[in-house]
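Colleague: Before anything else, here's the structure in question.
The values are calculated or read from the model by the stated rules, or taken from the named source; none is laboratory data. Not measured: the values here are computed from a predicted model. Here the Cβ positions follow ideal geometry from the backbone for every residue, glycine too, while neighbour counts run over all protein chains shown. Please note that ligands, DNA and RNA were not included when accessible areas were found on the heavy atoms of the full protein model with its side chains. Shrake-Rupley method; radii C 1.70, N 1.55, O 1.52, S 1.80 Å.
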Amino acid sequence: MEHLISLFFRSIFVDNMIFAFFLGMCSFLAVSKNVKTSFGLGAAVTFVLVVTTPVNYLLLTKVLGPDCLADGVDLTYLSFILFIAVIAGIVQIVEMAVEKYSPSLYGALGIFLPLIAVNCAIMGASLFMQQRIGLDPSSSQYIGSVWDALIYGLGSGIGWTLAIVAMGAIREKMEYSDVPKPLQGLGITFITVGLMAMAMMCFSGLKI
Amino acid sequence: MDLFSKQNREVFSNPLNLDNPIMVQVLGICSALAVTSQLKPAIVMGLAVTIITAFSNVIISLIRNTIPNRIRIIVQLVVVAALVTIVSQILKAVAYDVSVQLSVYVGLIITNCILMGRLEAFAMTNKPWPSFLDGVGNGLAYAMILVIVGAFRELFGRGSLLGFKIIPQSFYDAGYMDNGMMAMPAMALILLGCVIWIHRAYFYKEDKK
């Protein structure tokens, strides 16, 4: 239990997807123009992360791992293809479900729903999960069960949402400031994210 | 068929200056930032992306007429994932230390937006040879930014380039210190912001002429 709580808070603040690993930057920069759409996308990303990370964990350890399908067969090198297929499939299912049961939310998210499939944060969470299985079990980053994977997905999603909502709020305010012309738009956004990442570094020594 | 007609040359050279995928199209930022704390992984990453973009462009361009429109994203992802798996296995065999340094970012080439962007925008509608040139051009443009940022960060963060000391010992004796800030992730963002600033300032002037 203690390990789950520690893993959860670490994945939100210390190992934040955006500020520590720069994952999901493309949609982060494209969508964070205002708080409302930022929040919608954050919620969708969190949902997909919560589903895909444990599913990929199970597939990796129960199907691809050494001696799982047959003795002496190790299919771990297929993990990239499997992960991306699972992610693309689940995003497709989520898209169809949202379209059927909540057309208004579907309209609000628009093109960003299918684009979640190529969001680096989702793929990144699965790849980090694969890396962390091999860690020392006493480490607070260790993922050793499907619950750890679930909590890690949830924490990463919340961390991503937090970052994109904060960025959306700052960009709303920045509309009114006087920025040099070549720096407008992308340039100043990068520098802002850099300063935010520096602020988030204060969590890096955090021990829970 | 002339392989190096004017049109083909433009396909190759445009991404390198005017239409840079990172600075103008804002694609592939994720991995651009994470691998640039030193020069060597930045170069390897740039090369890997160039190779994968070029060959996935060719493959998709060859089979573009047989892909059903509805499932094209999944087909593209599978082709890219297969190529990335091959490159990652080769990296592990040939340059193990670099592959450890790059860690998950090799796998993340799959979700690199440059690849998907080029496949969707170019390879789906063009013949294999222009697609190949387009892939190489975009990959090299991406590698160029990685190398610029990587060189800056390694030079000021560690005083070396590719592991060789550049800043002489006498500077350190005189009180010069490596800027530890440069090795931090935050600095990559700020540096890239500045690169974009310079790039835009330069090309805005071109517009006015």
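Colleague: So what is log10(I(q)/I(0)) for the range B:31-202 at q = 0.08, 0.13, 0.16, 0.17 1/Å, when the Debye sum runs over its Cα atoms only?
Modeller: -0.30, -0.70, -0.95, -1.03
Colleague: Per residue of B:181-189, how many C-beta atoms from partner chains lie within 10 Å of its own C-beta, taken as a mean?
Modeller: 5
Colleague: Follow-up question, since we're still on this one. Angle, helix A:35-59 long axis vs. longest principal axis of chain A, Cα atoms, 0 to 90°, nearest 10?
Modeller: 10 degrees
Colleague: Now a separate question. Would you list A:Ser11, A:Ser104 from the most to the least accessible area, probe 1.4 Å?
Modeller: Final ranking, largest accessible area leading: A:Ser104, A:Ser11.
Colleague: Ordering B:Met182, A:Met201 from largest to smallest accessible area (1.4 angstrom probe), what's the sequence?
Modeller: Reading off the accessible areas and sorting them downward yields A:Met201, B:Met182.
Colleague: Positive end of the dipole of the range B:31-202, charges at C-beta (+1 Lys, Arg; -1 Asp, Glu), about the Cα centre: which of B:Gln89, B:Leu39, B:Val149 has its Cα farthest in that direction?
Modeller: B:Gln89
Colleague: Provide the per residue accessible area, probe 1.4 Å, for the protein assembly as shown, rounded to a whole number of square angstrom.
Modeller: I get 47 Å² per residue for this part.
Colleague: Okay, moving on. Whenever you get a sec, compute what percent of the accessible area on chain A sits on carbon and sulfur atoms (1.4 Å probe).
Modeller: Of all accessible area on chain A, carbon and sulfur atoms account for 69 percent.
Colleague: Starting from the exponent 0.38 and prefactor 2.2 Å, build the expected Rg for the range B:44-144 from its residue count and divide its actual Cα Rg by it.
Modeller: 1.05
Colleague: Once the mean 1/r over all distinct Cα pairs of the range A:22-117 is inverted, what Kirkwood radius in angstroms do you read off?
Modeller: Kirkwood radius, the range A:22-117: 15.0 Å.
Colleague: Give me the summed buried accessible area for the A-B pair, 1.4 Å probe, to the nearest 100 Å².
Modeller: For A against B, buried area totals roughly 3400 Å².
Colleague: Given a 1.4 Å probe and heavy atoms of the protein chains only, how would you sort B:Val94, A:Val98, largest accessible area at the top?
Modeller: From most accessible down to least: B:Val94, A:Val98.
Colleague: For chain A, what does the helix formula give at 222 nm: sum of -39500 (n - 2.57) over DSSP H segments with n ≥ 4, over the residue count, nearest 500 deg cm²/dmol?
Modeller: -20500 deg cm²/dmol
Colleague: Sticking with this structure for a sec: Let me check I have the definition right: for the protein assembly as shown, take the eigenvalues of the Cα gyration tensor, multiply each by 5, take square roots. What are those semi-axes in whole Å, largest first?
Modeller: 30, 28, 24
Colleague: Evaluate E = 1/(1 + (r/R0)^6) for B:Ile86 and A:Asp136, where r is the Cβ-Cβ distance and R0 equals 35 Å; express this FRET efficiency to the nearest 0.05.
Modeller: Calculated value: 0.65.
Colleague: Would you mind calculating the gained length between B:Val100 and B:Gln7 on full extension (0.36 nm times residue separation, minus the Cα-Cα distance), in nm to one decimal?
Modeller: 29.4 nm
Colleague: Further question: When only DSSP loop residues count, what trypsin sites (Lys or Arg not before Pro) in the range A:130-208 have their Cβ near at most 14 other Cβ atoms within 10 Å?
Modeller: A:Lys207
Colleague: Can you run the Rg to Rh ratio on chain A? Use alpha carbon positions and the Kirkwood inverse-distance Rh.
Modeller: Here the Rg-to-Rh quotient is 1.01.
Colleague: Would you mind pulling out the separation of the Cα centroids of the range B:137-160 and the range B:85-129, in Å?
Modeller: 18 Å
Colleague: If you find the alpha carbon centre of the range A:179-203 and of the range A:14-35, how far apart are they in angstrom?
Modeller: When both Cα centres are located, 12 Å separates them.
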